[in-house]
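The values are calculated or read from the model by the stated rules, or taken from the named source; none is laboratory data. On a predicted model such as this, the values are computed, not experimentally measured, just so you know. Note: ideal-geometry Cβ built from the backbone for every residue, glycine included; neighbour counts use all protein chains shown.
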Amino acid sequence: MSEAAVEESLAPAAEVGPSAEGRSQWAAAWIELRHKPLFWISAVLIVIFVLMALFPHLFTHTDPRFANLAQAREKPSLHGSIFGRDNQGRDIYARTIYGARASLSVGVLGTLATTVVGLTMGLLAGFFGGWVDSVLQRLGEIFFSIPLLLGGVLFLYKFPTSVDAPLIVQVLKIVLVLALLGWPNIARLMRSAVMQVKPADYVQAARALGARPSRIVLSHIMPNALAPVIVVATINLGVYIAAEATLSFLGIGLQSPAISWGSDISDASGLGLIRAAPNMLLFPSLFLSLTVLAFILLGDAVRDAFDPKLR
Amino acid sequence: MGRYIIRRLLQMIPVVIGTTFLIYAMVFGLGDPAKGRCGERPCPPAYIAKFNAEYNLDKPLVVQYVLYLGKLVHGDLGTNFFGNQVSQELIARYPITIKLTIIAILFELVIGIAAGVLAGIRKNGFVDSLVLVSTLVVVSIPIFVIGALAQLVFGVKLAWFPVTASDGTIGQLILPGLVLGSLSVAYVARLTRTSLVENLRADYVRTARAKGLSRGRTVGVHTLRNSLIPVITYVGADVGALMGGAIVTERIFNVNGIGNFIYRSIYQHDGQSVVGAVTILVLVFLLVNLIVDILYGVLDPRIASD
């Protein structure tokens, strides 16, 4: 993925650290971000999608599971349902709104899980070095060499989801796969950031003053090594949402009656159906793509803000 | 150089053992391995006993794993529901998947590098913005939507390409190959652009320009050669994503390759086939990355010598 590029372009940011006027790296980045239209566009999109996931009834009062076969594949119209109806006569607009919850929870929880695990492993490896570093690096390589989709297929095949499992259980299962296969990426990034920050004077000074290792890590190394991780985590959020959709498309991710964009797209993507009811495919795909795009743009904007070379 | 290759080979050993153990432990160590072997019903005790004996499940996990590894080395992936050797099923299908992957890689290299170079030469120009916007669009649309749309537009409506690719001839595989490579084209283009822009600022480029070389020669010979190193590494890592993507693409275009085999085996609850095929794909992925790493050492001697 593009992590290699991200890693490369980020490397100098950590070296520069606090900028000349005494502003912290974070404050400088925020000032830079405030003037970016792309940042605001993606932020607004993300806020809308988060609202959709938390309070779907703000956007629609239709029951997304109510099916009326007499209205199957109804075309979009301003009077009836604005996005049309699907193969079973369910309202596509309502389903698309309710689908946000599954996708966003997989994305957010998956990112949180990978980041927490990766951050811890990367910090340990970078800070202690030596055999801890070697062991953790080899361990990371093992998990890293299983491609995300293949590992996901294997895991979800082995532990299939029963139809009556609540949404959160289905979501957590996918999150577990993402965390298991995704952490080495973050760990690698964190490790190199820590190793760059570690020799800095302020870390040596803290050590000379007798600070405990935990204090050095948490209040000196972590805040200064965190920037690249946040950027990649934001971009990964979009990637994870797409991965969930792909797994659901293959029929092993989220199971109906759980509503997700991936499984709705899967339902809509038979060749006959695409010709008969293209709106069934269009709207969930559009929302899914916009969500992924919003997180990628946000990650890009944050990276540019942290990278003084591009200013 | 020889020492570098040997070191890389030695580093591979723990990774191969680790990944195969991980897959093995997940499939046979956790939960009930015989579950789902008898369709929807629970298995009869006689079957479970035979199954446990066949896969050495009555022995400790590590012993089981070593025995399994021994079988794997001999190419024995077990038999599936239909009584066929999984390895035979894979041998029948791999040429098609390889063809599909090669089409995708060629597509991403040729189009991706060309777009990246055009964008990088004139930073912030028209082509640059076009590449940036189109890569963002491709990156954010999931591959199965691109596949379904391409099938509808280029296969059904315009009839430029065959709609399905069940025979697996090159002509039929072009459209699925383009779909499979579409995401990576975007990444290759952005990566080429970034590293070209960075290298164009380097001192050796200024020297080359100063001694009077044409712009075409400085870009084409001096800069591009250095800029392509990260692209090669990316393509190696990308083979893993392509193999996952092949499951989706082969399903959409009904290609008779390994991806579609995995997809159908998932639906038929044919665990032996799923596990065998995924294990092989992961091993192929490791091998490709080893080759790319060695190539990396050839292209950039600094890597091999440290």
(request) Confirm whether residue B:15 is within 27 Å of the chain's Cα centre (by Cα), at pLDDT below 80 and closer than 17 Å to residue A:142 by Cβ. (result) no
(message) Considering only the range A:291-311, I want to know if a residue exists there that is closer than 29 Å to residue A:83 by Cβ and outside any helix (DSSP H, G or I).
(response) no
(request) Counting only residues that are under 20 Å from residue B:286 (Cβ atoms), give me the helices (runs of 4 or more DSSP H) lying completely in the range A:108-223 with at least 3 of them. (result) A:130-144, A:148-158, A:167-197
(request) With the condition kept exactly as written, say whether any residue in the range B:143-153 is surrounded by fewer than 18 Cβ atoms within 10 Å (Cβ to Cβ) and not polar (S, T, N, Q). (result) yes
(request) Tell me which of these residue B:168 doesn't satisfy, since it passes every other one: (1) within 13 Å of another protein chain (Cβ to nearest Cβ); (2) surrounded by 17 or more Cβ atoms within 10 Å (Cβ to Cβ); (3) not in a helix (DSSP H, G or I). (result) (1)
(request) For the range B:136-165, name all the residues that are touching a residue at least 60 places away in the same chain (Cβ under 8 Å) and more than 10 Å from every other protein chain (Cβ to nearest Cβ). (result) B:165
(message) Condition first: within 31 Å of the chain's Cα centre (by Cα), under 15 Å from residue A:256 (Cα atoms) and either assigned to a loop (DSSP other than H, G, I, E, B) or charged (D, E, K, R) (or both). Can you find one or more residues in the range A:65-83 that meet it?
(response) yes
(request) Examine the range A:86-105 for a residue that is closer than 21 Å to residue A:140 by Cα, at pLDDT 90 or above and polar (S, T, N, Q), and state whether such a residue exists. (result) no
(message) Can you go through B:189, B:159 and tell me which one is part of a helix (DSSP H, G or I) and of a type in the set (A, V, I, L, M)?
(response) B:189
(request) Check residue B:255 against each of (1) more than 10 Å from chain A (Cβ to nearest Cβ); (2) modelled with pLDDT under 85 and name the one condition it does not meet. (result) (2)
(message) Report every pair of residues separated by at least 6 positions or lying on different chains whose Cβ atoms are under 9 Å apart, first residue within the range B:76-88 and in contact (Cβ under 8 Å) with a residue 24 or more places away in the chain, second among the aromatic types (Phe, Trp, Tyr).
(response) B:78/B:55
(request) Could you please find all residues in the range B:125-135 being surrounded by 15 or more Cβ atoms within 10 Å (Cβ to Cβ) and within 13 Å of chain A (Cβ to nearest Cβ)? (result) B:132, B:135
(request) Out of the residues in the range A:39-61 that are buried (at least 16 other Cβ atoms within 10 Å of the Cβ) and of a type outside the set (A, V, I, L, M), state the one that is nearest to residue A:300 (Cα to Cα). (result) A:39
(message) Among the listed residues B:110, B:145, identify the single one that is at pLDDT 85 or above, within 19 Å of residue B:259 (Cα to Cα) and part of a helix (DSSP H, G or I).
(response) B:145
(request) Within the range A:231-275, count every residue that is within 11 Å of chain B (Cβ to nearest Cβ), assigned to a helix (DSSP H, G or I) and either within 17 Å of residue A:107 (Cα to Cα) or not charged (D, E, K, R) (or both). (result) 21
(request) Quick one: count up the residues across the range B:56-65 that are without any contact (Cβ under 8 Å) to a residue 12 or more places away in the chain and either touching a strand residue (DSSP E or B) at 6+ places or on another chain (Cβ under 7 Å) or surrounded by 13 or more Cβ atoms within 10 Å (Cβ to Cβ) (or both). (result) 1
(request) Given the conditions (1) farther than 30 Å from residue A:273 by Cα; (2) within 9 Å of chain A (Cβ to nearest Cβ); (3) crowded, with 21+ Cβ neighbours inside 10 Å; (4) of a type in the set (A, V, I, L, M), report the number of the one that residue B:231 does not fulfil. (result) (2)
(request) Confirm whether residue A:152 is in contact with a helix residue (DSSP H, G or I) (Cβ under 7 Å, 6 or more places away or on another chain), under 28 Å from residue A:291 (Cα atoms) and surrounded by 22 or more Cβ atoms within 10 Å (Cβ to Cβ). (result) yes
(message) Exactly one condition in (1) at pLDDT below 85; (2) more than 30 Å from residue A:101 (Cβ to Cβ) is false for residue A:235; which is it?
(response) (2)
(request) Exactly one condition in (1) touching a Gly at 6+ places or on another chain (Cβ under 7 Å); (2) under 30 Å from residue B:223 (Cβ atoms) is not met by residue B:121; state its number. (result) (1)
(request) Filter the range A:107-138 down to the residues that are surrounded by fewer than 21 Cβ atoms within 10 Å (Cβ to Cβ) and small (Gly, Ala, Ser), then identify the one that is nearest to the chain's Cα centre (by Cα). (result) A:113
(message) Please pick out the residue among B:236, B:244 that is under 24 Å from the mean Cα position of the chain (by Cα) and in contact (Cβ under 8 Å) with a residue 12 or more places away in the chain.
(response) B:236
(request) Hey, can you tell me all the residues within the range B:264-285 that are over 16 Å from the mean Cα position of the chain (by Cα), at the interface with chain A (Cβ under 9 Å from one of its Cβ atoms) and in a helix (DSSP H, G or I)? (result) B:265, B:266, B:267, B:271, B:274, B:275
(request) Among the numbered conditions (1) surrounded by 13 or more Cβ atoms within 10 Å (Cβ to Cβ); (2) modelled with pLDDT under 80; (3) not aromatic (Phe, Trp, Tyr), tell me where residue A:21 comes up short. (result) (1)
(message) Considering only the range B:193-215, I want to know if a residue exists there that is more than 14 Å from every other protein chain (Cβ to nearest Cβ), within 30 Å of residue B:99 (Cα to Cα) and in contact (Cβ under 8 Å) with a residue 40 or more places away in the chain.
(response) no
(message) Condition first: more than 11 Å from chain B (Cβ to nearest Cβ) and surrounded by fewer than 24 Cβ atoms within 10 Å (Cβ to Cβ). Now tell me which residues in the range A:277-286 satisfy that.
(response) A:277, A:279
(request) Return yes or no: is residue A:297 among the aliphatic types (A, V, I, L, M), closer than 29 Å to residue B:193 by Cα and surrounded by fewer than 23 Cβ atoms within 10 Å (Cβ to Cβ)? (result) no
